[in-house]
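I'd like to ask some things about the structure below.
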Amino acid sequence: MSNLVVLPIILPLLFGIILAFTNKYNKVSRTVTKIFSIVSLVVSGYLLWIVINDGTIVLETGSWAAPYGIVFVADSLAVVIVFITNIVATAAAFYAPHSLSEQKEKHYFYAFFFFLISGVSGAFLTGDLFNLFVFFEVLLMASYALIVLGGDRVQLRESLKYVLINLFSSVIFVTAVAFLYSVVGTVNMAHIAERVQEAEQQGILTTISILLFFVFATKAALFPLYYWMPNSYVVPNPVVSALFGALLTKVGVYSILRTFSLMFTFETNYTPTLFLWIAGLSLIFGVIGALSTNNIKLIIAYNVIPAIGFMLLGIAIFNGDALSGSIYYLIHDMIIKAALFMIVGVIAYVAGTSDLRKMSGLINQYPLLGWLLFIAAFVLAGIPPFSGFIGKLLLLKGALTKEAILIVIIGLLTSLLILYSVMRIFIYAFWGAENKSFKKKSIKGFYGPIIFLLSLSIFLGIGAEFVFPTVENIAKYLLDPNIYIDFVLKE
């Protein structure tokens, strides 16, 4: 049973290797990718069902007991996010053939697609801090290949910035891990958590925790470390943008949540206040960025930043409601961001431009696309009864119990501005006189993945009573790090 834990990592890795040999045969690659993505989704769903019903599964590789061997931990938090990752991946697998040119498909897109999913899943499932670094590098190497797919000049320019920033943060990451190992003598997360509670060098450990937060905040694109992200996420093909926007920043958020709910729980003097300020500033500056541009892809990319701010808010408040809100919002945002990047990719395709000022009247030829965007805007902004509302309600309720009134006001105002920023796309692109220069293009193949993701987002809102108990249990579990420690170290 414990071997199931590595299947979400091993299967995409094997699938990527297989698809590296079929790159010249696009029809084969497309069909195989769809089948493989469904297989991964079913496997991750089965793993989720087992963990929710039977509890956390720990795999000790090579039968080396923790903390001496490498462990993978499938707890409720990790497997829920792995399952959502595979939902997004499945939608992307069906969207990609319609979005990519045949030449881009032949440049090993499908192989690197699965390598990315393998790295992301590994980051969620690992119970070892150094292996978290390793899986970061796996997913980053795959993302390096995907961001330059096609070789346009703007892609190469943005990829250089993307690579340099991530290399710099990776150097800090491995340095912080080395410092932490020198203090506690282990890289196993559960063992670190246990030894940190006993260590007397709290000042050094606080410094290390801030270093790690800097690394994860860079990956998550939090204020003021988001400057590399917006353009990097819009220059690739829309299917790549959807994967990046839905998954990569969420690995950073997950890492912050995991490390500060498990290993660095002793630090309550500085980090909650720091996180609260950064969350608030991320909300403000992210939505300012979304309102300041006429590029529809950039509008969605900038809206990644306030979403990450909302998630950090729950970690800063760190009570049951706030953590439940962060987790719910994380699940919601992974799905809706993928859908929105796909939608604006289709809009740019049919309009022949990403500039709002050059679009109008698309509703006449593409009514379904317009109304899908309209619904997605309400889901993203957290308008009742959609999924964003559930997460924000829990977050703001948690903030009110800590009397963080200012952040509640900022959260409510930015939610309205987020709605306005996306509704601008609907108003300018779909209303008004029809632009006769636009030639109608067939986009039937795009609708399936988008409707699939939006339907799930709507279910997360309307069917919250089915999802919330699991999210609430995850939040309670995170509030007691000893549960994780006992599972891994079998104490």
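Computed from the coordinates by the stated procedures, all read-outs in this text should not be read as laboratory data. Keep in mind it's a predicted model, so treat the numbers as computed, not measured. Positions of Cβ are generated from backbone atoms using ideal geometry, with glycine treated the same way; all protein chains shown enter the neighbour counts.
By its C-alpha gyration tensor, with a ≥ b ≥ c as the square roots of the eigenvalues, how is region 271-372 shaped: rounded for a/c under 1.5, else prolate for a/b larger than b/c, else oblate?
prolate
When the gyration tensor of region 233-309 is built from Cα positions, what are the square roots of 5 times its three eigenvalues, in whole Å, from largest to smallest?
Computed over region 233-309, the values are 28, 17, 5 Å.
Given Lys392/Lys476; Lys250/Lys402; Lys24/Lys441; Lys250/Lys444; Lys219/Lys337; Lys397/Lys476, which pairs have Cα atoms separated by over 22 Å?
Details: Lys392/Lys476 18 Å; Lys250/Lys402 25 Å; Lys24/Lys441 27 Å; Lys250/Lys444 30 Å; Lys219/Lys337 17 Å; Lys397/Lys476 16 Å.
Pairs exceeding the cut-off: Lys250/Lys402; Lys24/Lys441; Lys250/Lys444.
Here is a further query. For region 204-254 and region 457-475, compute the distance between their C-alpha centroids and round to whole Å.
If you average the Cα positions of each part, the centres end up 26 Å apart.
Please give me the summed charge of the neighbours of Ile18: other residues whose Cβ is under 14 Å from its Cβ, Lys and Arg +1, Asp and Glu -1.
So the surrounding residues net to +3.
Just the Cα atoms of region 147-242, one point each, no solvent: what log10 I(q)/I(0) does Debye give at q = 0.15, 0.16, 0.24, 0.26 Å⁻¹?
One equal scatterer on each Cα of region 147-242 leads to -0.69, -0.73, -1.15, -1.28.
Here's a follow-up. Do me a favour and compute the ellipsoid semi-axes for region 268-481 from its Cα gyration tensor, root of five times each eigenvalue, largest one first, whole Å.
Result for region 268-481: semi-axes of 34, 19, 12 Å.
Give me the base-10 log of I(q)/I(0) for region 359-427 at each q in 0.18, 0.27 Å⁻¹, Debye formula, one uniform scatterer per Cα, rounded to two decimals.
Summing over Cα pairs of region 359-427 leads to -0.70, -1.13.
Round to the nearest 10 and give me the degree value, 0 to 90, for the angle of helix 405-430's Cα axis relative to the longest principal axis of the chain.
Roughly 30 degrees, rounded to the nearest 10.
What do you get when you divide the Cα radius of gyration of region 1-122 by 2.2 N^0.38 Å, with N the number of residues?
In units of the 2.2 N^0.38 Å rule of thumb, it is 1.14.
What Rg and what Dmax come out for region 442-491 when only alpha-carbon atoms are used, in angstroms?
According to the Cα coordinates of region 442-491, Rg and Dmax are 18.3, 60 Å.
How big is region 85-143 by Rg and Dmax over its Cα atoms, in Å?
According to the Cα coordinates of region 85-143, Rg and Dmax are 13.0, 40 Å.
If the convex hull of the alpha-carbon atoms of the chain is projected onto planes in all directions, what is the mean projected area in square nanometres?
21.0
Between Phe374 and Ser292, what is 0.36 nm times their sequence separation minus the Cα-Cα distance? Round to one decimal in nm. Show your work: numbers first, answer last.
Numbers: separation 82, 0.36 × 82 = 29.52 nm, distance 2.02 nm.
Value of the extension gain: 27.5 nm.
Between beta-carbons, use under 13 Å as the cut-off and find the net charge around Lys250, counting Lys and Arg +1, Asp and Glu -1.
+2
Can you find, among Gly461, Val422, Pro97, the residue sitting farthest towards the positive end of the charge dipole of the chain, where Lys and Arg contribute +1 and Asp and Glu -1 at Cβ?
Working it through, the farthest residue towards the positive pole turns out to be Pro97.
Roughly what percent of Cα-Cα pairs across region 395-491 reach past 22 Å? Walk me through the numbers before you get to the answer.
Numbers: 2995 of 4656 pairs.
Result for the distance tail: 64 percent.
Would you kindly derive the ³J(HN,Hα) couplings of region 244-260 from the backbone phi angles with the Karplus curve 6.51 cos²θ - 1.76 cosθ + 1.60 (θ = phi - 60°), listing them in order in whole Hz, with x for Gly and Pro?
Listing the rounded values in order: 5, x, 7, 10, 5, 5, 6, 5, x, 4, 4, 5, 5, 4, 5, 5, 8 Hz.
Explain nothing, just compute: Karplus ³J(HN,Hα) = 6.51 cos²θ - 1.76 cosθ + 1.60, θ = phi - 60°, for every residue of region 207-217 in order, whole Hz, x for Gly and Pro.
So the J values, rounded to whole Hz, are 4, 5, 5, 5, 4, 5, 4, 4, 4, 5, 5.
Could you compute the FRET efficiency for Tyr25 and Ile50, with r as their C-beta to C-beta distance and R0 at 60 Å, rounded to 0.05?
The computed FRET efficiency comes out at 0.95.
I've got another one for you. At 0.36 nm per residue, minus the direct Cα-Cα distance, what do Thr470 and Asp486 gain on full extension? Give it in nm, one decimal, please.
Here the segment from Thr470 to Asp486 would lengthen by 3.7 nm.
Here's a follow-up. Can you give the extra length, in nm with one decimal, that the chain gains between Leu406 and Phe179 once fully stretched, where that is 0.36 nm per residue apart less the Cα-Cα distance?
Extending this stretch completely gives an extra 78.1 nm.
What angle, in degrees between 0 and 90 and rounded to the nearest 10, separates the Cα long axis of helix 304-317 from the longest principal axis of the Cα atoms of the chain?
Rounded to the nearest ten degrees, it is 30.
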